[in-house]
Amino acid sequence: MADLLPIIETMEHRWMRAWVARDSRTLGALTSSKFRMVIGSKPCVILDAKSWLQAAANRYLCTSYRFGDIYVHDLGSIAVFASQLELEARMDGEDWSGQFWVTDIWRKGTVRRSWRMVERVLSRQDERPQVPAAIASLQLWRNGRKGRVAA
């Protein structure tokens, strides 16, 4: 099977470029009708496909983006994409730029066999420098450690 990373990475860039260009047609073609966007706020907020497409064209406007390290997990007809995301955006004229963590779920259609985004989870990333090393130290498969269960 071909490596899915370049395919999904290309789809991500197409989706983001359509948002930047306010290209509703392309954005709609890449977005599932069952799409949900989950914003990692407190409380979290969910947008459906229709709300998202309307907002992307008129109110929540992206002017540029940059992905960081990219992770793609191939689950057959489902692909999970995750990355840091540097976003320059405005909502209703207010600056909404910043560093985010994005996790997207793509599903390959059964009839047309094209990929469509079905879910996006967007949240601010944790900037504390000790977090990556602390979490990496928990990885049993990297450290050769056996799991422990607290008594």
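The values are calculated or read from the model by the stated rules, or taken from the named source; none is laboratory data. Every value quoted in this text rests on a predicted model; they were computed, and no experiment measured them. All Cβ positions, even for glycine, are placed from backbone atoms using ideal geometry, and neighbour counts span all protein chains on display. Ligands, DNA and RNA are excluded from the accessible area calculation, which covers all protein heavy atoms including side chains. Shrake-Rupley method; radii C 1.70, N 1.55, O 1.52, S 1.80 Å.
Can you say whether GLN99 is surrounded by fewer than 17 Cβ atoms within 10 Å (Cβ to Cβ), without any contact (Cβ under 8 Å) to a residue 12 or more places away in the chain and not small (Gly, Ala, Ser), as far as the supplied structure shows?
no
What number of residues in segment 104-120 are assigned to a strand (DSSP E or B) and either among the basic types (Lys, Arg) or surrounded by fewer than 17 Cβ atoms within 10 Å (Cβ to Cβ) (or both)?
The qualifying residues number 4.
Closer than 20 Å to TRP115 by Cα and modelled with pLDDT under 95: is that true of MET1 in this structure?
The answer is yes for MET1.
Out of segment 1-22, which residues are in a loop (DSSP other than H, G, I, E, B) and in contact with a Phe, Trp or Tyr (Cβ under 8 Å, 6 or more places away or on another chain)?
none
Counting residues that are among the aliphatic types (A, V, I, L, M) and open to solvent by 40 Å² or more (accessible area, probe 1.4 Å), which strands (runs of 3 or more DSSP E) fully inside segment 23-78 reach at least 2?
Those strands (runs of 3 or more DSSP E) span 45-48.
Taking segment 121-151 as the search range and keeping residues that are small (Gly, Ala, Ser) and modelled with pLDDT of 80 or more, which one is most open to solvent (accessible area, probe 1.4 Å)?
ALA133
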